[in-house]
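One structure coming up, written as structure tokens, with questions to follow.
The values are calculated or read from the model by the stated rules, or taken from the named source; none is laboratory data. What you see is a predicted model, and the numbers here were worked out from it, not measured in a lab. Note that each Cβ is placed from the backbone with ideal geometry, even for glycine, and that neighbours are counted across all protein chains shown. Each accessible area value is taken on the protein alone, full model and side chains, heavy atoms only, with ligands, DNA and RNA left out. Shrake-Rupley method; radii C 1.70, N 1.55, O 1.52, S 1.80 Å.
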Amino acid sequence: MDPTSSPRLRFAPSPTGYFHVGGARTALYNWALARRLGGRFVLRIEDTDEARNRPEWTEGIIDALAWIGISTDDPVFEGPYFQSSLAGEHVAAAERLHAAGHAYYCDLTGEQVQERAKASGRPGYDGYSRDRGLGSGPGRVLRFRVPDGVTVVDDLVRGRVEFDNANIEDFVLLRGNGSPMFLVANAVDDMAMGITHVVRAEEHLPNAPKQQMLWEALGGEPPVWAHVPVLVNEQRKKLSKRRDKVALEQYRAEGFLPDAMVNYLMTLGWAPAGDTEIVPWERIEAEFRLEDVNHSPAFFDVKKLRAFNEEYIRMRTPEEFLAEADPWLPAEWDRATFARIAPLVQERAKTMADVAPMVDFLFLPDPEVDEAAWTKIMGADWAAGLLADVRAAYAELAGTDRWRAEVLKSTLEAVGERYGQKPGKAQAPLRVAVTGRTIGPPLYESLELLGAEETGRRVASALDRVGVS
Ligand code: GLU
């Protein structure tokens, strides 16, 4: 087939209640291609497993897609369609296959099939009812008559994959109760929706020869196939909900930026030209090709994702960063104060969730104290004395134009020297007294912003706590 004629790609998730990062990558691959090829991206919700299907799950899928830039408002987007609404088509197609001799009914129970396999020593269904000419009836399954020969799946990622039909049993199209199996529903939907490219997870590769046979038997021209490699964790094990953090929603809640996530997902097994993988979506869309996707499993490296995220946080303009941070800050925190410290936070935050805890000491009258750090730092025999001297020295700066970061710094360092402490160590009691923590944005800029009065109050209350007044 001509893959350039009005390409139609699709993303066909089965709702699960959360959105797997692997699903997000598959959706993005389809999206990038649909856009570059001037085609359509069809969203089809494979909702036929009723036990696993709730309306809010579909909303979750649409919301997650929108977060990674795949919006229902985009003209390239089509759907959502629901597999369940085409159930009649699935049955009709299976019946057509029967009428044309491509399928036959079988009355063996599952147990009987197994017994026969055991007795013959050959696994799977042995074609027992192929020539028995049975009609439909309760409990009878409809099976596809797999032809002899070889089925070749031309896969854009995996290359030419040959399947010996002798190893493919006559698979079930309709169950004993007449309901269609996944394989039929999925292939019939793809045909009905005019899908030209099936880009999906590698785990579906064994389905491809069967579906290709269905397309051919139903008179269609099979799609272009592309099965994209699984995502694995550090131990090279397939990412799983039990072992790994796989829900896109969770990364979102932890303050990952959508464009960082998108860029990272697109570089799992594929890389843009040049020596950096950090590239804007426009370039990804222009350059992404399935033929260039590596076919070995891709390591979903959360550390690398974090590095991408940091990079994206740094790349925001100051205004963008403020806007990005806004929803992460309590409404009552003064935005003008935040704006003054924001550039220092932007340089340090790894995720947007880091932002509020980094600056909360500026807004909360009594910031939470990291007790372990407090005990360690204030336990040093010089700490209380140093802090008391700093209080005195800082009191002199209060109310003058010298309450400035560089003066606060040199003042502290001078006191530190008297106690034989290097700057890094000398500032620790002051930091923990004022911010409650050992890490955060640069201390003296923070103190300048906090003001002499509030700084003094906190140092005094810290001294109180250690019994110095
Ligand atoms: N519903 C299937 C899944 O979520 C996808 C099938 C396909 O893409 O063909 O795994």
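Take the residues in the range 340-357 that are hydrophobic (A, V, I, L, M, F, W, C) and surrounded by 16 or more Cβ atoms within 10 Å (Cβ to Cβ), then tell me which one is nearest to GLU254 (Cα to Cα). First the steps, then the outcome.
Going residue by residue through the range 340-357, those that are hydrophobic (A, V, I, L, M, F, W, C) are 341-342, 344-345, 349, 352-353, 355-356.
Going one step further and asking which of them are surrounded by 16 or more Cβ atoms within 10 Å (Cβ to Cβ), we end up with 341-342, 344-345, 349, 352, 355-356.
Working: ILE341: 21, ALA342: 19, LEU344: 20, VAL345: 16, ALA349: 12, MET352: 7, VAL355: 11, ALA356: 12 Å.
Filtering first and then ranking leaves MET352.
Right, something else. Please go through the range 320-336 and pick out each residue that is open to solvent by 40 Å² or more (accessible area, probe 1.4 Å), closer than 19 Å to PRO441 by Cα and part of a helix (DSSP H, G or I). Outline the logic, then answer.
Filtering the range 320-336 for residues open to solvent by 40 Å² or more (accessible area, probe 1.4 Å) gives 320, 322-324, 326-328, 330-332, 334-336.
Now narrow it down to the ones that are closer than 19 Å to PRO441 by Cα: 322, 324, 326, 328, 330, 334-336.
Answer for the range 320-336, where residues must be open to solvent by 40 Å² or more (accessible area, probe 1.4 Å), closer than 19 Å to PRO441 by Cα and part of a helix (DSSP H, G or I): LEU322, GLU324, ASP326, TRP328, ARG335, ALA336.
Follow-up. Tell me whether the range 8-16 contains one or more residues that are open to solvent by 10 Å² or more (accessible area, probe 1.4 Å) and part of a helix (DSSP H, G or I).
no
Looking only at the range 426-440, how many residues end up being over 18 Å from ALA393 (Cα atoms) and open to solvent by 30 Å² or more (accessible area, probe 1.4 Å)?
Result for the range 426-440: 3.
Now, a different point. Working carefully through the options LEU447, LEU443, LEU362, find the one that is open to solvent by 20 Å² or more (accessible area, probe 1.4 Å), in contact (Cβ under 8 Å) with a residue 12 or more places away in the chain and closer than 24 Å to LEU322 by Cα. First the steps, then the outcome.
Details: LEU447 fails: open to solvent by 20 Å² or more (accessible area, probe 1.4 Å); LEU443 fails: open to solvent by 20 Å² or more (accessible area, probe 1.4 Å).
Going through LEU447, LEU443, LEU362 in turn, just one is open to solvent by 20 Å² or more (accessible area, probe 1.4 Å), in contact (Cβ under 8 Å) with a residue 12 or more places away in the chain and closer than 24 Å to LEU322 by Cα: LEU362.
Return the residues of the range 61-91 that are open to solvent by 30 Å² or more (accessible area, probe 1.4 Å) and small (Gly, Ala, Ser); say none if nothing qualifies.
Residues satisfying the conditions are ALA66, GLY69, SER71, GLY79, SER84, SER85, ALA87, GLY88.
Scan the range 52-74 and give yes if some residue there is within 14 Å of the ligand (Cβ to nearest atom) and either over 30 Å from PHE299 (Cβ atoms) or among the polar types (S, T, N, Q) (or both), otherwise no.
The answer is yes; a qualifying residue exists.
Can you list residue pairs whose Cβ atoms sit under 6 Å apart, with the first residue in the range 218-230 being touching a residue at least 40 places away in the same chain (Cβ under 8 Å) and β-branched (Val, Ile, Thr) and the second being crowded, with 21+ Cβ neighbours inside 10 Å and part of a strand (DSSP E or B)? Count only pairs 6 or more apart in sequence or on different chains.
Filtered contacts from the range 218-230: VAL224/HIS197.
When you look at PRO147, is it closer than 23 Å to VAL184 by Cα, modelled with pLDDT under 95 and assigned to a loop (DSSP other than H, G, I, E, B), yes or no?
Working: closer than 23 Å to VAL184 by Cα: yes; modelled with pLDDT under 95: no; assigned to a loop (DSSP other than H, G, I, E, B): yes.
Here the answer is no, as PRO147 does not meet what is asked.
Please find, within the range 268-289, the residue that is nearest to the chain's Cα centre (by Cα) out of those that are surrounded by 13 or more Cβ atoms within 10 Å (Cβ to Cβ) and farther than 17 Å from ARG36 by Cα.
Checked the range 268-289; the qualifying residue nearest to the chain's Cα centre (by Cα) is LEU268.
Right, next: Among the numbered conditions (1) under 23 Å from LYS238 (Cβ atoms); (2) more than 9 Å from the ligand (Cβ to nearest atom); (3) at pLDDT below 95, tell me where ALA27 comes up short.
Condition not satisfied by ALA27: (3).
Checking GLU396 against (1) within 36 Å of the chain's Cα centre (by Cα); (2) in a helix (DSSP H, G or I), only one condition comes out false. Which one?
(1)
Out of all the residues in the range 295-314, is one or more assigned to a helix (DSSP H, G or I), acidic (Asp, Glu) and open to solvent by 60 Å² or more (accessible area, probe 1.4 Å)? First the steps, then the outcome.
Applying the first criterion (assigned to a helix (DSSP H, G or I)) to the range 295-314 yields 302-314.
So of that shortlist, the ones also acidic (Asp, Glu) come out as 310-311.
Right, trim to open to solvent by 60 Å² or more (accessible area, probe 1.4 Å) and you get 311.
Yes.
Continuing with this model, one more query. Restricting to the range 223-262, name every residue that is touching a Ser or Thr at 6+ places or on another chain (Cβ under 9 Å), among the β-branched types (Val, Ile, Thr) and open to solvent by 20 Å² or more (accessible area, probe 1.4 Å).
Passing the criteria: only VAL224.
Follow-up. Looking at GLY194, GLY220 in this structure, which one is more than 13 Å from the ligand (Cβ to nearest atom), open to solvent by less than 30 Å² (accessible area, probe 1.4 Å) and within 22 Å of THR48 (Cβ to Cβ)?
Numbers: GLY194 fails: open to solvent by less than 30 Å² (accessible area, probe 1.4 Å).
Exactly one residue qualifies, and that residue is GLY220.
Which of the residues that make up the range 134-186 are open to solvent by less than 20 Å² (accessible area, probe 1.4 Å) and among the acidic types (Asp, Glu)?
Answer for the range 134-186, where residues must be open to solvent by less than 20 Å² (accessible area, probe 1.4 Å) and among the acidic types (Asp, Glu): ASP155, ASP170.
Shifting gears a bit: Out of all the residues in the range 10-34, which are among the polar types (S, T, N, Q) and out of contact with any strand residue (DSSP E or B) (no Cβ under 7 Å at 6 or more places or on another chain)? Steps first, please.
At the first step, the residues of the range 10-34 found to be among the polar types (S, T, N, Q) are 14, 16, 26, 30.
Within the range 10-34, SER14, THR16 qualify.
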